[in-house]
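The structure appears right after this line, and notes come after that.
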Amino acid sequence: MKFKTSRSIAGIKPYEAGKPLTELFREYNIHSTVKLASNENPLGFSTTVHAAVLKSLSGMNRYPEPAAHDLCCALAQKYRVEPENIVLGNGSDDLIALLAHAFLDPGDEALMPLPSFLMYEISVKTAKGVPVMVPLDGFDTNLCAIAQNISPHTRMVFVTNPFNPTGSIISRDAFQEFAAKIPSDVLIVVDEAYMEFVRNPDVFNSLEKPLQDPRIVTLRTFSKAYGLAGFRIGYGIMDKEAARILNRIRQPFNVNGLAQTAAKAALADQVFLEHSIDVIHQGVDFLTAELSAMGLKPLPTQANFLMVDVKTDATEIFHKLLGQGVIVRSMKSYGFDSFLRVNAGIFSENQAFITALKNVLKSDA
Ligand SMILES: *Cc1c(COP(=O)(O)O)cnc(C)c1O
């Protein structure tokens, strides 16, 4: 190539999205499929979202509101913060990138678990920072080891709670102990993409008492429990000074008009949200019971997905499941060679996955 790629960017591995259905239809020539690979809401989204979005379509010749005033006010009210504490993003992916660009100079370090959500590493490298990856302790975030890896160059720490892909959580006590070891000028980014699904009351939920610690940046998303993944909208809640900086550098129209409308309507429909969470919990419990009955050991989870050890090459099983029209994730590229990650779907989808997995493992034996 004629152009020299930035050195920090040349080494970035591409993000692997869950296989879209259209791709599967093309490659396998099948049409009835179950996608349990990207932790999406299997019920779709609220009917009030549908109506609001259709209604706002005709205004799409106009630019969206750059500050999304109503939505920020609604979020501020929900969490008892001020609109000035909120930054909206084109998905929380956007906020991760904004944080890295706002707070890292070349060579500055950002700590994160290994493995973790790939966007942390990609964004830090894109911002010319240095990701410092701290291996898990079994299936849990190794908070002690993260704290031990703090150096004079550390500017931010990413933690994910509940953790993707294992589904484990950080408790209130564990977080407080961890936070006490982090210097006052290091941001603690807490990615709570799956917080809505947590049933364990001991979880550290940074929005229970928001803004108590100016170092904490909370990331939340409409992509999972609210079912708006395709609209692309997430939000960060943080100290006003940090929010002001992110709002200054973000694209003025980073959240499109349909996404703003959808999010406002989704926030207002608590009934749909609660129903979705219920269905997911039933799904997680069903999958856990069925997998256990097969003699496998699904990991305990507080999220809408779980990992399970299939005791053989997970990528092979992933491909065989694809052949049966079921899309899940192989965790091989995350270093869990024999684990699949599957999210809870509706009952028929969960059943289809279990049936397909039984077929595949039987033919494998
Ligand atoms: C799905 C997910 C997100 C959400 O990403 P969006 O860009 O908001 O769709 C963020 N963090 C983690 C760990 C996730 O798994």
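Residues in region 311-335 that are in contact with a strand residue (DSSP E or B) (Cβ under 7 Å, 6 or more places away or on another chain) and in a loop (DSSP other than H, G, I, E, B): 3 in all. Here is the figure for region 71-81: residues that are more than 17 Å from LEU219 (Cβ to Cβ) and surrounded by fewer than 15 Cβ atoms within 10 Å (Cβ to Cβ) total 3. In region 272-318, of all residues being free of Cβ contacts under 8 Å to residues at least 40 places away in the same chain and within 29 Å of PHE45 (Cα to Cα), the one that is least open to solvent (accessible area, probe 1.4 Å) corresponds to VAL308.
Among the conditions (1) surrounded by 21 or more Cβ atoms within 10 Å (Cβ to Cβ); (2) within 12 Å of the ligand (Cβ to nearest atom), PRO115 misses just one, which is (1). A residue that is closer than 21 Å to LEU71 by Cβ, touching a residue at least 60 places away in the same chain (Cβ under 8 Å) and touching a Pro at 6+ places or on another chain (Cβ under 7 Å) can be found somewhere in region 219-242.
Among the residues of region 243-271, those identified as charged (D, E, K, R) and either free of Cβ contacts under 8 Å to residues at least 24 places away in the same chain or touching a Leu at 6+ places or on another chain (Cβ under 6 Å) (or both) are ARG248, ARG250, LYS264. When region 90-131 is filtered for residues that are closer than 16 Å to SER151 by Cα and among the acidic types (Asp, Glu), the ones remaining, listed by number, are ASP105, ASP108, GLU109.
The values are calculated or read from the model by the stated rules, or taken from the named source; none is laboratory data. This is a predicted model, so every value here is computed, not measured. Because the Cβ atoms are built from the backbone with ideal geometry, glycine has one as well, and the counts that use them run over all protein chains shown. Surface areas here come from the heavy atoms of the whole protein model, side chains and all, with no ligands, DNA or RNA. Shrake-Rupley method; radii C 1.70, N 1.55, O 1.52, S 1.80 Å.
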